[in-house]
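Chemist: I am attaching a structure below and will ask some questions about it afterwards.
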Amino acid sequence: MNEKVNHNTEYWQELDRRHHLHPFVDTAELNLEGAKIINKASGVYVWDTDGQKFLDGMAGLWCVNMGYSQPSLIAAATEQMTNLPYYNTFFKTATTPQAELAAKIAEVAPEGLEHTFFSSSGSEANDTVVRLVRHFWQVQGYDNKTIIVSRENAYHGSTIAGLSLGGMATMHGQGGDILPDIVHIPQPYWYGEGGDLSPEEFGLARAQELEKTILEHGADRIAAFIGEPIQGAGGVIVPPASYWPEIQRICRKYDILLVADEVICGFGRTGAWFGSDAFNIQPDLMTIAKGLSSGYMPISGVIVGTRVVDVMTHQFGKFFHGYTYSGHPVAAAVALANIELMQQTNIIETLQEDTVPYFQAMVQRIGKHSTVAAAEGLGMLAGFALVEDRAEECREYCLEEGLIMRAVGSLRLVLSPPLVISRAEIDELEEKVMKALDRLASE
Ligand SMILES: Cc1ncc(COP(=O)(O)O)c(C=O)c1O
């Protein structure tokens with residue numbers, strides 16, 4: 001073990017190059033550059049094997065909400081590993097942390113959402129959504145109610161169901177057809193696609209695309225609508241205020257299940273417990289992952305509302321669906337400790353009263369830089385549209401300044417720092433972004 005610590009960066013890069021295939025990467029390009037090897041983290045910072053320190057403006061992959069190295073999460077994992085490292089939840093068994101976690105999620109989730117079906121990743125949870133909503137209608141005799149409506153430029157994961165629900169053209173283009181009976185409507189991206197409409201008019205118009213689609217196929221064909229309250233991987237697209245109430249109205253009018261994909265927005269990211277709280281959405285189902293355990297353990301789930309649970313209880317019989325790691329006890333213990341930590345530290349109040357206004361004021365200042373055409377954000381999320389297609393270049397400059405920021409396409413840059421970030425650390429983040437943007441302007 002100790003021997004490994006002494007290996008240098010080149011050693012790790014070579015091992016990685018020879019034996020590891022990375023997600024969402026051009027392998028040829030990566031092989032030339034070599035991966036950045038991260039091997040330490042604390043608070044809102046990570047370090048690479050060269051000892052370089054980075055402020056993690058992305059909270060890992062939008063997930064390390066409570067920051068790195070939280071003692072109570074580490075203790076929960078250690079204790080659960082010791083007592084019961086694994087047991088399944090198939091065949092009428094349960095474990096204590098998984099039972100406690102499900103109850104804790106019901107406590108913080110919006111009203112009417114009291115049951116969770118567990119899995120390990122956001123993608124898997126969305127696979128569960130597809131099977132659950134279609135079966136929900138099927139057992140009630142609506143065999144044709146199978147179409148799920150999603151949006152262009154949505155991200156719902158990388159499994160076949162996840163990428164099919166998602167609206168990423170680049171993903172659809174690789175590996176053949178997407179799942180049948182999934183329809184994509186245009187996204188509520190006002191800055192990019194709003195034209196002459198005001199944000200409010202545009203939000204309504206884009207929500208009404210759902211109604212158009214329902215009328216085109218017939219309501220008896222549409223099972224559900226799925227959407228991220230704020231599109232994350234799509235570039236932090238904050239919908240106009242008129243959008244979600246109209247979506248909600250249309251779903252109710254035509255009896256379509258409403259699914260909120262809260263994988264990024266859940267657990268404080270929007271400054272409320274859930275994005276659905278922030279936008280006053282009352283979903284029938286919610287997909288959760290990432291911030292559920294602050295990324296410390298892979299755990300996800302679908303929070304299922306009363307209406308669907310009633311049908312599952314009385315009409316499903318056996319639901320032939322589940323994963324070996326559904327409700328994994330160690331992951332569940334860590335997620336439970338994470339939510340308890342959120343409650344004990346009053347993180348939601350701190351966000352609302354202090355961190356979010358401070359962070360969003362910074363977002364607005366960055367928006368005034370000559371290289372930035374538009375800045376939008378909500379809670380601890382921000383997206384910047386650059387004046388020129390140079391987002392990747394800017395991301396590199398940020399790295400050189402010691403800041404991890406993410407480029408989405410060539411035009412947008414996004415931020416999603418740990419929710420526990422302090423004012424001083426936000427100041428540091430701003431200074432680094434501004435330096436990178438100044439460099440972009442001068443080169
Ligand atoms: C909204 C949303 N849904 C689903 C997923 C997929 O989650 P995972 O990568 O854990 O499969 C993501 C991942 O970023 C996401 O942002």
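The values are calculated or read from the model by the stated rules, or taken from the named source; none is laboratory data. Please read all numbers here as calculations on a predicted model, not as lab measurements. As a convention, Cβ positions derive from the backbone with ideal geometry for all residues, glycine included, and neighbour counts pool all protein chains shown.
Chemist: Being in contact with a Ser or Thr (Cβ under 9 Å, 6 or more places away or on another chain) and outside any loop (DSSP other than H, G, I, E, B) is the filter; apply it to the stretch 394-425 and report the residue that is farthest from F274 (Cα to Cα).
Modeler: Among them, the one singled out is C394.
Chemist: Shifting gears a bit: Given the condition within 15 Å of the ligand (Cβ to nearest atom), crowded, with 19+ Cβ neighbours inside 10 Å and part of a strand (DSSP E or B), answer yes or no: does some residue in the stretch 303-326 qualify?
Modeler: Yes, because at least one residue in the stretch 303-326 is within 15 Å of the ligand (Cβ to nearest atom), crowded, with 19+ Cβ neighbours inside 10 Å and part of a strand (DSSP E or B).
Chemist: Ok, one more. Evaluate the following for F90: is it more than 16 Å from the ligand (Cβ to nearest atom), outside the structural domain of S422 (by TED's automatic domain parsing) and out of contact with any helix residue (DSSP H, G or I) (no Cβ under 9 Å at 6 or more places or on another chain)?
Modeler: yes
Chemist: Next question, about the same structure. Taking the residues in the stretch 50-72 that are surrounded by fewer than 19 Cβ atoms within 10 Å (Cβ to Cβ) and away from the ligand (no atom under 16 Å from the Cβ) as candidates, determine which candidate is farthest from C398 (Cα to Cα).
Modeler: S72
Chemist: Sticking with this one: I'm trying to understand the selection: among the residues of the stretch 73-114, which are in a strand (DSSP E or B) and surrounded by fewer than 20 Cβ atoms within 10 Å (Cβ to Cβ)?
Modeler: E114 - this is the single residue of the stretch 73-114 that is in a strand (DSSP E or B) and surrounded by fewer than 20 Cβ atoms within 10 Å (Cβ to Cβ).
Chemist: Sort out which residues of the stretch 155-177 are more than 15 Å from A125 (Cβ to Cβ), crowded, with 17+ Cβ neighbours inside 10 Å and in contact with a helix residue (DSSP H, G or I) (Cβ under 9 Å, 6 or more places away or on another chain), and write them in order of number.
Modeler: The one that is more than 15 Å from A125 (Cβ to Cβ), crowded, with 17+ Cβ neighbours inside 10 Å and in contact with a helix residue (DSSP H, G or I) (Cβ under 9 Å, 6 or more places away or on another chain): M171.
Chemist: Can we say L179 is touching a residue at least 12 places away in the same chain (Cβ under 8 Å) and in a helix (DSSP H, G or I)?
Modeler: When the stated conditions are applied, L179 does not pass them.
Chemist: Within the stretch 404-427, count every residue that is of a type in the set (A, V, I, L, M) and at pLDDT below 95.
Modeler: Number of matching residues: 1.
Chemist: Further, regarding this structure: Go through the stretch 275-302 and count every residue that is surrounded by fewer than 22 Cβ atoms within 10 Å (Cβ to Cβ) and either of a type in the set (K, R) or not in a loop (DSSP other than H, G, I, E, B) (or both).
Modeler: The total comes to 2.
Chemist: Mind listing just one residue for me: the one in the stretch 115-132 that is assigned to a helix (DSSP H, G or I) and in contact with a His (Cβ under 8 Å, 6 or more places away or on another chain) and, of those, farthest from G268 (Cα to Cα)?
Modeler: If we take residues in the stretch 115-132 being assigned to a helix (DSSP H, G or I) and in contact with a His (Cβ under 8 Å, 6 or more places away or on another chain), then R131 is farthest from G268 (Cα to Cα).
Chemist: Across the stretch 138-159, what is the number of residues that are more than 8 Å from the ligand (Cβ to nearest atom) and under 20 Å from I185 (Cβ atoms)?
Modeler: So the answer is 10.
Chemist: Evaluate the stretch 221-238: report whether one residue or more is part of a loop (DSSP other than H, G, I, E, B) and either among the charged types (D, E, K, R) or without any contact (Cβ under 8 Å) to a residue 40 or more places away in the chain (or both).
Modeler: Yes: the stretch 221-238 contains one or more residues that are part of a loop (DSSP other than H, G, I, E, B) and either among the charged types (D, E, K, R) or without any contact (Cβ under 8 Å) to a residue 40 or more places away in the chain (or both).
Chemist: Moving on to the next point. Mind checking which residues of the stretch 254-274 are under 19 Å from L381 (Cβ atoms) and in a strand (DSSP E or B)?
Modeler: Of everything in the stretch 254-274, those that are under 19 Å from L381 (Cβ atoms) and in a strand (DSSP E or B) turn out to be A260, D261.
Chemist: Select from the stretch 5-31 the residues that are touching a residue at least 24 places away in the same chain (Cβ under 8 Å) and in a helix (DSSP H, G or I) and list them in ascending order.
Modeler: T9, E10, W12, Q13
Chemist: Any idea which residue in the stretch 240-274 is farthest from the ligand (Cβ to nearest atom), counting only those that are among the acidic types (D, E) and crowded, with 24+ Cβ neighbours inside 10 Å?
Modeler: E262
Chemist: Provide a single number: the residues in the stretch 125-143 that are surrounded by 15 or more Cβ atoms within 10 Å (Cβ to Cβ) and more than 15 Å from V304 (Cβ to Cβ).
Modeler: 2
Chemist: Quick one: which residue in G192, G162 is part of a helix (DSSP H, G or I) and either touching a Leu at 6+ places or on another chain (Cβ under 8 Å) or within 16 Å of the ligand (Cβ to nearest atom) (or both)?
Modeler: Only one candidate passes the filter, namely G162.
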